[in-house]
């Protein structure tokens, strides 16, 4: 379901939930029953999951401003060393 916004000249803005692509160009106002034209607004992405919003923001920002490191990381993760004697013959990275 999508949320569509309409503007009543008397009562102001109201929202209507409907399946995507089925919004009418005009909807009756729930308060005064007058005709109200649909308003086209930006998607309300900020109402979603904060983790998804952060990912979208970082992805969009990286297109114009790639992240550049100015120093080496302070801690490095090393894979755990196996104590299995059979693993000693394997090549090391």
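Each reported figure results from applying straightforward, stated rules to the coordinates on display, with no laboratory input. Model, not experiment: these values are computed from the prediction. Here Cβ is always computed from backbone atoms with ideal geometry, including for glycine, and neighbour counts include all displayed protein chains.
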* Structure fact -> Extension length gain for residue 82 and residue 3 (0.36 nm per residue less Cα distance), in nm, is 22.9 nm
* Asked: Plugging the Kirkwood radius over Cα pairs into Stokes-Einstein for the chain, at a temperature of 37 °C and a viscosity of 0.692 mPa s, what D comes out in µm²/s?
  -> 172 µm²/s
* To do: Grab the beta carbon distance between residue 89 and residue 57, set R0 = 35 Å, and tell me the FRET efficiency rounded to 0.05.
  => 0.15
* Could you work out the relative contact order of the chain, using alpha carbon pairs under 8 angstrom and six or more residues apart, expressed as a whole percent? => 19 percent
* Angle between the chain longest axis and helix 50-64 axis [Cα atoms, degrees, rounded to 10] -> 80 degrees
* Structure fact -> Pseudo-spin-label distance residue 24 to residue 71, built 7 Å along Cα→Cβ, given in nm, is 6.3 nm
* So what is the calculated 222 nm ellipticity per residue for the chain, using -39500 (n - 2.57) for each DSSP H run with n of 4 or more, over all residues, to the nearest 500 deg cm²/dmol? -> -5500 deg cm²/dmol
* Structure fact -> Label model pair residue 31, residue 16: point-to-point distance (7 angstrom along the Cα→beta-carbon line) in nm is 1.7 nm
